[in-house]
Each structure stands twice: as structure tokens, then as C-alpha cells.
Amino acid sequence: MEQSSSTWFQEYLTPNLVQYVGFRERLFAGRTRYQQVEVLDTLDFGRTLILDGKTQSSEADEFVYHEALVHPAMVTHPNPESVFIAGGGEGATLREALAHGSVKSAVMVDLDGEVVDICRRFLPNHHRGAFDDPRVELHFADARTYLETTSQTFDVILIDLPDPQEAGPAGMLYTRNFYDLVLRRLNPGGVIAVQSEQCMTGNLEAFAAIGSTLRSVFPGVFPYHAMIPSFSFDWGFNVASTGPSPAELTPDEIDGRLRDRGCDSLRSYDGRAHAGMFALARHLREAVESETRIITEDDPLVVV
């Protein structure tokens with residue numbers, strides 16, 4: 001096959017595995033106060049946001065990632081009216097949460113306002129105007145500090161943070177102390193969802209450790225996964241709950257809740273997809289169930 005591009009973005013997926021993606025144009029490149037930012041117009045995945053050298057989401061398949069992160073937690077809650085989002089600078093997590101007609105308010109807190117401004121400008125197909133919804137309260141601050149100082153509580157909390165890289169801005173938001181704080185900011189019966197890193201043989205340490213840390217805080221933790229083509233991996237997630245369980249919902253119940261709330265434009269997630277997402281293969285289950293590491297501030301999670 002003839003090579004179609006001579007301009008390539010190189011990304012280390014693991015220390016021993018590199019992905020090359022051809023791109024037409026570098027739409028933005030710069031450094032904010034917190035991180036290096038690029039927006040590339042890639043040949044296969046469309047406009048792609050990259051933070052500190054790591055792909056965050058791409059136009060072609062962001063719907064798979066964001067529907068997977070948001071909707072299992074949202075449908076698990078019987079009537080989510082208040083939502084908190086930690087991170088999610090592209091606005092797509094916010095977009096998916098607002099798709100539920102039951103939502104009356106959504107507070108989004110992202111540390112890097114410059115990234116949000118870049119996404120507003122260069123990634124309109126991600127946010128689709130979500131930032132301007134009258135239900136939204138947007139803050140540029142540290143999510144942990146915000147939760148420590150607010151008296152608000154929420155039905156659903158969605159944690160959509162970048163990878164916890166060494167010297168990166170997100171590392172302390174993967175710890176037991178942070179999840180303890182999140183638990184205190186949930187209403188009774190509240191549910192959270194956490195993006196939980198790669199979910200693949202040979203590189204399961206972060207996914208398993210995030211699940212183990214959540215289990216040290218929440219009474220119910222439910223790991224699941226979805227294949228994200230632009231990541232080249234199955235990606236891991238966790239729902240953690242103070243009461244309702246995503247495992248107890250039937251496909252018909254899920255489809256009914258989505259329909260009743262007006263979520264009629266989803267492209268990836270529905271009741272049948274939900275069942276497959278939570279069905280981990282045996283080796284993944286064994287890795288998650290045997291993990292005992294608890295992520296703390298003294299022993300933070302770092303991915304390469």
C-alpha cells in the first residue's frame with residue numbers, strides 16, 4: 001500500500017510500543033501553564049487532541065470513549081439531576097451528561113482553562129455547544145480543591161482526567177484520598193465513573209490499581225472496558241456506586257431509561273452494548289480481582 005502521508009505523529013503507548021499516525025496539519029501547538037497541547041488534523045481519525053504527547057480523543061471515535069465513560073453511570077442512577085465533571089476539557093463528557101433530560105445542573109471543573117478555550121475553537125464537533133447550555137456551571141480550578149471547599153453534593157460524578165504522568169497535573173486525583181472526597185460529595189445512592197487507563201494483557205497495572213483503590217472506598221465497584229481505535233487499545237473504566245448496581249440492569253431497562261430521558265442520538269452505547277462492556281475476559285477479571293495496591297499520595301500512580 002502506498003504511503004499517503006509523510007507527516008507523522010509518534011506516540012509511545014507503552015515504553016516498548018509506538019504508534020504512528022499520519023496527519024495533514026498541525027492546527028495548534030503550544031504550552032499552557034500546565035501541559036503541552038497539540039491539535040492535529042489526522043488522516044484516519046480527524047481532529048485529535050494531544051496532551052503531553054498522549055492522545056486524548058479524536059473526532060472519528062470520541063463518541064465511543066465518551067458514551068462509554070458517561071452513560072453506564074448515568075443509567076445506573078434512577079434519576080440523575082445533578083452532575084459533577086472533573087476534567088473533560090473537550091466538552092464531550094459534558095455533552096453526553098446533558099443528553100439526559102433528567103439533568104438540571106452540571107458543574108464542570110477543569111484545571112486548564114486554556115485547554116478548554118483551545119477545544120472550544122478547534123474541536124467544535126466534540127463539545128457541540130455544550131459549554132453554553134444554561135444548566136452548566138464551568139470553573140477553571142483544581143477539582144480536588146473545588147470539592148474540598150464546596151457544600152454542593154451530586155447524584156453522579158464523572159472523572160475524566162488525563163493520564164497520571166510524572167510531573168503532570170492529574171496524579172493526585174487518582175488516590176484514595178481523592179476518592180474519599182468524591183464519596184463525601186455524593187448524594188445518597190450516588191454513582192461515579194472513572195476513566196481507568198489501558199485494559200490489555202501486559203499493561204494492566206494501572207487499570208487494576210485504580211479498581212483496587214476504588215474498592216477501598218466504595219461498597220460497589222464495577223470495572224468495564226471499550227475498544228477505542230485511536231488509542232489502539234481496549235480502554236478501562238470503573239463505575240463505583242453507593243447503592244445502585246449497573247450489573248442489575250437488563251438491556252430493556254437501560255434502553256427504557258435512555259429513551260425516557262431523550263438520549264436518542266447515541267451511536268455506541270445501549271442495553272446490549274452495556275452487557276458486553278461489563279463482561280471482562282477471565283484473565284482481566286483475575287488481574288483486577290487479585291490486585292491489592294492502593295494508590296496514595298505517598299505511592300502515586302504514574303503511567304508512561
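Couple of notes before you dig in:
- Taking the range 143-161 as the range and being crowded, with 17+ Cβ neighbours inside 10 Å and either of a type in the set (D, E, K, R) or part of a strand (DSSP E or B) (or both) as the test, the residues that pass are Arg144, Phe154, Asp155, Val156, Ile157, Leu158, Ile159, Asp160.
- Of all the numbered requirements in (1) farther than 19 Å from Lys54 by Cα; (2) β-branched (Val, Ile, Thr); (3) surrounded by 20 or more Cβ atoms within 10 Å (Cβ to Cβ), Thr201 misses one, and that requirement is (3).
- Verdict on Val136 being under 23 Å from Glu96 (Cβ atoms) and open to solvent by 10 Å² or more (accessible area, probe 1.4 Å): yes
- Strands (runs of 3 or more DSSP E) contained in the range 10-59 and holding at least 2 residues surrounded by 19 or more Cβ atoms within 10 Å (Cβ to Cβ), under 23 Å from the mean Cα position of the chain (by Cα) and not aliphatic (A, V, I, L, M): 36-42, 46-51, 54-58
- Residues (in a helix (DSSP H, G or I) and either in contact with a helix residue (DSSP H, G or I) (Cβ under 6 Å, 6 or more places away or on another chain) or among the charged types (D, E, K, R) (or both)) located in the range 276-304: Arg282, Arg285, Glu286, Ala287, Val288, Glu289
- Checked against (1) touching a residue at least 60 places away in the same chain (Cβ under 8 Å); (2) out of contact with any strand residue (DSSP E or B) (no Cβ under 8 Å at 6 or more places or on another chain); (3) under 30 Å from Gly46 (Cβ atoms), Asp264 passes all but condition (1).
- Of all residues making up the range 108-140, the number that are touching a helix residue (DSSP H, G or I) at 6+ places or on another chain (Cβ under 7 Å) and without any contact (Cβ under 8 Å) to a residue 40 or more places away in the chain: 12
- When Pro251, Pro244, Pro219 are screened for being over 19 Å from the mean Cα position of the chain (by Cα), closer than 17 Å to Val156 by Cα and open to solvent by 40 Å² or more (accessible area, probe 1.4 Å), only Pro219 passes.
- Val115 being of a type in the set (A, V, I, L, M), within 18 Å of the chain's Cα centre (by Cα), part of a helix (DSSP H, G or I) and more than 29 Å from Pro251 (Cβ to Cβ): yes
- For the range 162-192, a residue qualifies if it is open to solvent by less than 40 Å² (accessible area, probe 1.4 Å), part of a loop (DSSP other than H, G, I, E, B) and modelled with pLDDT of 95 or more, and exactly one does: Thr175.
The values are calculated or read from the model by the stated rules, or taken from the named source; none is laboratory data. Note that this is a predicted model, so its numbers are computed, not measured. Cβ: placed from backbone, ideal geometry, glycine included. Neighbour counts: every protein chain shown. Areas reflect the complete protein model, heavy atoms only, side chains present, ligands, DNA and RNA absent. Shrake-Rupley method; radii C 1.70, N 1.55, O 1.52, S 1.80 Å.
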